[in-house]
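Take a look at the structure below.
The values are calculated or read from the model by the stated rules, or taken from the named source; none is laboratory data. Not measured: the values here are computed from a predicted model. Quick reminder, even Gly has a Cβ in these numbers, built from the backbone with ideal geometry, and neighbours come from all protein chains shown. In case anyone asks, the SASA skips ligands and DNA or RNA and just uses the protein heavy atoms, side chains included. Shrake-Rupley method; radii C 1.70, N 1.55, O 1.52, S 1.80 Å.
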Amino acid sequence: MLNSINTADSLIREYEKYDAAGYPLATTSISPGLFEAKKEGFPTFDEEERKPKLIWRHASHVSPEAEVGSISILVESFLDTSAKPQESPFDALEERFRDREKIRQIKKIKQKINAIIDETNIRFSRRLAARLHFLYDAVLEDPDEDPVPIESLVNFIRFLQDTPNLKYPEVVLTPSNEISAQWRTEPNRHFAVVFQMTGETRFVIFTPNSKDSKKTDRLSGITSVDTLMELVEPHGVLDWAVQ
Amino acid sequence: MKGKSLPDPDHIARYCKPKTLREDGRPSRTSFMLKPGEPYLSVNWLEYFGDIERNEQLDCIRRHISLSLASTAKFAVLNVGETLNQVQANSGASHVSILHEPTTKDPSHSGIHGYRHEDDLIADLIAEVVLEIYPAR
């Protein structure tokens, strides 16, 4: 766990070296010829020839402290075109920007997770925070992952705060990186919820039938975070989900 | 393209990302959820590679699957007939099917069709019939 958190934090620190426009603040070593060229602007890419054109155009948005690094990123991208001839080098650059956005979102989420320990009444806050750190680190380390909706985490925490007697749930992430929490003690005592970014929840309940306890009722539905417990309580969820 | 139905006695493997695994390392309900807009749940047909040991079948899948396999991810193995029976009997979703969807790179690729990303009940039911779990790498 500690290693995993450290990996994510070092990745975040690495990305903090980039300026607001996405260019590195730390200068990178670059040959003297290219250093001269960067004063003229950005290289463009010849789509037909599949190689960089040595035509330079002006790029007014590049900050002076970022110029060398930005050229270096582009040069790296151009060099990479031999390995992936079907892709424009700008794809690699775009992908790097997407990664930065994901890192920024996860940094925000990590602040929120740390606040769970300090600012909430959740009894299992430390254990939950450690679990959430682990899950979001797993997202951070996967290059194919989608953005992370912080609203889902906010809704989940709100639910836990409003329902203080709940047991520690099994927490995982959905394919869209929303929080899924589950309270299950038996195959027919199962309560699982996805906290959507919209403020709604999708829930599933497996519970003994009230007339014949050998049978299992299976229910699913959608409701807001605020009304979730009110809606599920009549189905006996509190019998196994609370302390 | 929809292919042929997989035989009931055969088995499928689902690649489960670390974020979908429970704290004890077992696949959770979200291992079997779809992304919004995904037409079916991607799985691999184990018997496609013949009557060989499970580990050998999984090695074949590892070689062909078009995903970068995380070191802590898992493969969940399920029986085709049991999965369909579980879903059809307990959710009323009689239209769920498991079809072979081969690609050039991944010839055993298959899909569980007939449910959508918000059909969490079906994902929960599938998670209950996981037979075996193997490391993804």
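Every residue, every condition in (1) hydrophobic (A, V, I, L, M, F, W, C); (2) open to solvent by 30 Å² or more (accessible area, probe 1.4 Å), yes or no:
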{"site": "A:Asn121", "(1), (2)": "no, yes"}
{"site": "A:Glu145", "(1), (2)": "no, no"}
{"site": "A:Ile150", "(1), (2)": "yes, yes"}
{"site": "A:Leu153", "(1), (2)": "yes, no"}
{"site": "A:Phe156", "(1), (2)": "yes, no"}
{"site": "A:Asn165", "(1), (2)": "no, yes"}
{"site": "A:Glu170", "(1), (2)": "no, yes"}
Worksheet item: Mind checking whether some residue in the range B:93-104 is farther than 27 Å from B:Cys60 by Cα, buried (at least 16 other Cβ atoms within 10 Å of the Cβ) and at pLDDT 95 or above?
Response: no
Fill in: Evaluation of B:Gly37 against (1) part of a strand (DSSP E or B); (2) within 14 Å of another protein chain (Cβ to nearest Cβ); (3) more than 20 Å from A:Val172 (Cβ to Cβ); (4) small (Gly, Ala, Ser) (one fails), failing number
(1)
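Is it the case that A:Val171 is within 10 Å of chain B (Cβ to nearest Cβ) and within 22 Å of A:Val225 (Cβ to Cβ)? Can you show your working first?
Numbers: within 10 Å of chain B (Cβ to nearest Cβ): yes; within 22 Å of A:Val225 (Cβ to Cβ): yes.
Yes; evaluated as a whole, the condition is true for this residue.
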Discussion item. Any residue that is within 8 Å of chain B (Cβ to nearest Cβ), in contact (Cβ under 8 Å) with a residue 40 or more places away in the chain and of a type in the set (D, E, K, R) - is there at least one of those in the range A:122-141?
Written reply: yes
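Enumerate the strands (runs of 3 or more DSSP E) found wholly within the range A:178-231, keeping only those where 1 or more residues are of a type outside the set (Ser, Thr, Tyr), open to solvent by 20 Å² or more (accessible area, probe 1.4 Å) and facing chain B (nearest Cβ under 9 Å). Even if it seems obvious, please write down each step before you answer.
Numbers: elements: A:179-186, A:189-195, A:200-208, A:216-224.
Those strands (runs of 3 or more DSSP E) span A:179-186, A:216-224.
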Fill in: Number of the condition not met by A:Val148 [criteria: (1) of a type in the set (Val, Ile, Thr); (2) assigned to a strand (DSSP E or B); (3) closer than 24 Å to B:Arg26 by Cβ]
(2)
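Mind listing whichever residues of the range B:9-30 are within 14 Å of B:Leu131 (Cβ to Cβ) and assigned to a loop (DSSP other than H, G, I, E, B)? Walk me through how you get there before you give the answer.
The initial filter retains those residues of the range B:9-30 that are within 14 Å of B:Leu131 (Cβ to Cβ), namely B:9-14, B:16, B:26-27.
Correct list: B:Pro9, B:Asp10, B:Arg26.
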Fill in: Qualifying position, being in contact with a Cys (Cβ under 9 Å, 6 or more places away or on another chain), aromatic (Phe, Trp, Tyr) and buried (at least 20 other Cβ atoms within 10 Å of the Cβ), among B:Phe32, B:Phe49
B:Phe32
